[in-house]
Structures are given as structure tokens and as C-alpha cells.
Amino acid sequence: MSIVYLAYKNLVSKPLNLALSLLLLMLSVSLVTFVFQLRDQLDNQLDKNIAPFDMVVGAKGSPLQLILSSVLHIDAPTGNIKLSDVKLLQKHPFVKAAIPVSYGDNYNGYRILGTKKEYLQRYNVELFKGKIFKKPFEAVIGYKAARLLGLSIGDKFVGNHGLVASQGHAHDDKPYIVTGILEQSGTVVDQLIVTNLESVWNAHNHGDDHEHNESTHESHDHEEDHHHEHTNEDKEITSLLVKFKSPLGMVQLPRYINENTNAQAALPGFEIQKLMNLLGSGVKTINGIAIAILLVSAFSIFISLLKTIRERRKELALLRTYGLGTPKILMSVLLEGVFISIIGFILGWILGRIGIWFVSEYMQGTNGYYLELLSPDKFELMFFGIIFVITVVATLLASISIFKLNVAKTLSDA
């Protein structure tokens, strides 16, 4: 009889003990892997989405809401500001790029964002096919939005007022036409419908009509361009996304804007860090619970194996008389612990990934973000090593009585 088979038979001989040990270990592993995967993926997605911009200028209100709505597109805006109020900021020597954005409509839950072509350049998003928007009510569609909405080049669609699907009235008289599909970028752009600012303004009857904006856009005459620019300065935008040229901009401009204007300036990096710090306390709590469960699991394995060894003293004594030495008996018990650690980790890892999948499905339904089902990373492999060591130690402690086994006495007492 092989040592491995002997270990297997001993393990399954006590199904309730085995189930309890596996359940505790599985819960511990699933909690830890789920929490760390969730935090790491959220960190990566947030960092990738806020990296193109250092500051957001918008209406007074919650700075975090301003960042969530204007950069991550998962909240309602704090209000609008006049484009003319941020004209000087666009030409400030500390500013490398200042891109206005305006929104308030959606198509089947996907936001229609009015902005400039530079917005896509800041995210390094290229066209997958088609061409970029040039006229009002031309739009390019993010990779994921195009796939889920089933939109192709040349398709027409009508935006609904508001940011939630089927919530507001439709702008039936002002349909959009799809001119391009964007490549997948792994950023928030994947789930946006991007058009120019004039489209959003015209959809809400702000100023000039569609025909005037189209003819102005196509004209190359300097005077008409100047008049068009002057007219646009009187319009409202949701926010201005700013990239600094100099670190001094981050030091001086936010405070100046907050203290001396009707707008507010918020720093994406700072606000997101505060948000993650709040989440971090929850992560620590869950990890503490997981570690406590892991220790209980190790104690459960120790008690289970100790009880099993004591119940099998006669069997172990017989194995000794048939020539199976103490090292081999110890190895069979050790293999039981190894089996538990491997099976418990695999089941827990799978359960953790199932949790990630459920969260991803929920996030896609509420704000369009998603999580990936990744293979085990370095942290998870390291965590498996820790579990393996803890399980082996618990097994060895439970096996101490094997060395004290008196074969003659055990068999005579039987």
C-alpha cells in the first residue's frame, strides 16, 4: 500500500472533520484573494483613468463628486460653469492642456460626452475604424459601448436627457450618427459616446442652431472662426480637465480658484487617495477576519488530526509491526495536511474569483466598469505558501504522539 493512498484513505475516513477543515480554510482563502484582487484592480483602473489629468475645475460642491462625475463618469455632476470663466486658465503658463467637457445625456445608459479631440489624445485612444467627429451630432463610440450597444459606422441613434437609461425625454429631432469606433484602451473612454461640444449645446438648445454651428465648423475663414470662438465662450460646460506643465500649477492654481472664483478645483489624485484610504480600513477589517478564520482553520486541522491519530493508535501499531517505520507513518499524516491545504486553497481561490465575477457583473450593470478574472498572482502564491507552512506545522504538532507510540503496550491493551 502506497503512502499517498494510505493518506487519502485516512483523510476521507472522517468526512465531517475533512469538510469542516476545508470549509474554514476555503473561507479564509476566498476572503483574502477576493479583497486583494478587488483592491488591486480598482487601484489600477482608477490610476489609469485619472493619470491624464491633474486637476478638474467645475461647479462648487463635493470635490470627490466632481472627480467621480467628470473623470470616472460614475456620479452626477455638481453643476455647470461658464466657458468664459475658465478662458484665462486655458492659456495659463503652468497649464499644458485644458480640455472642456460637457454632458447630460445618455444612450441606453452610456454617457454622451461633448469635448474636444484632445480628450481622446490624452488617453492615447486611437480609432479602430471610421473617422473622428467633425460636425455637430457626429460621434465616435468607445470599444465596449459599441459592442454592447450594437452600433456600427453610419448608424443613427437618439440621446435621452439625463444620465440614466430611459429616465429623461429623447431628443428625437437631433439624432447622432456614428462616424467611428474607438480601439479598446482599458480606460473610461471604452464606455463613452464622444462627440463635440456643439452637439451637447445644440441638443439642449444652448445658443446657435445646428446649421449655424455646422457651417461655422466647416468654414476656414478667420473672421468666422473668431466669431464662433467668441460665441462659444458664453456657453456652459460641465467641467474643465487640466494637465499641468509645471508642478507649481498644482501648488498655486487649485487654491487660487477655490478662494477667488465661483468655481472649484479638485485634484483627482488627492481625492481618489482619500477614497481608497476609506476603503482601506474596510480591507484591513476583512483581512483581519480572514486571518482569524485561517488560524481557526489551522487549529481545526490540528484537533482533527490529533483526534484521528489517537483513534488510530492500534492501526498505527499494527503498521509498525508490518515494517512501516515511524518516518513513513509520519509522512502519511503529513500528506493529509498537505492535501487539505492544497484542496482548501484551490476551492477558496475559485470561490474568491466567483465573488470577483459577481462584483464585476454588478459594476457593469451600474456604472459600466468591470473586473478581470486573472490567474493567481505573486501575492496569492505567497499566501498559499503561508497556508502550506501553517498547515504543515499544525500537522506536525498533532503527530508528536506518533513518536511516543508504544507498540507492545498498544497491542496488548487492545
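The values are calculated or read from the model by the stated rules, or taken from the named source; none is laboratory data. Owing to the predicted nature of the structure, the values given are computational and were not obtained by experimental measurement. Protein only, heavy atoms only, side chains kept; ligands, DNA and RNA dropped before computing areas. Shrake-Rupley method; radii C 1.70, N 1.55, O 1.52, S 1.80 Å.
The alpha carbon gyration tensor of region 69-108 gives principal lengths a ≥ b ≥ c with a/c of 1.5 or higher and a/b greater than b/c, which makes the shape prolate. Accessible surface area normalised per residue over region 21-78 is 32 Å², counting heavy atoms of protein chains with a 1.4 Å rolling probe.
Protein-only accessible surface at a 1.4 angstrom probe places the residues HIS73, HIS161 in the order HIS161, HIS73, largest first. Across the protein chains, with a 1.4 Å probe defining accessible surface, the residues LYS91, LYS144 rank LYS91, LYS144 from largest area downward.
Over 24 Å apart at the Cα level, from the set LYS91/LYS235; LYS274/LYS378; LYS129/LYS156; LYS116/LYS156; LYS91/LYS117; LYS116/LYS274, are LYS274/LYS378; LYS116/LYS274.
Take region 83-186 with all the other protein chains still there, run a 1.4 Å probe, and you get 48 Å² of accessible area per residue.
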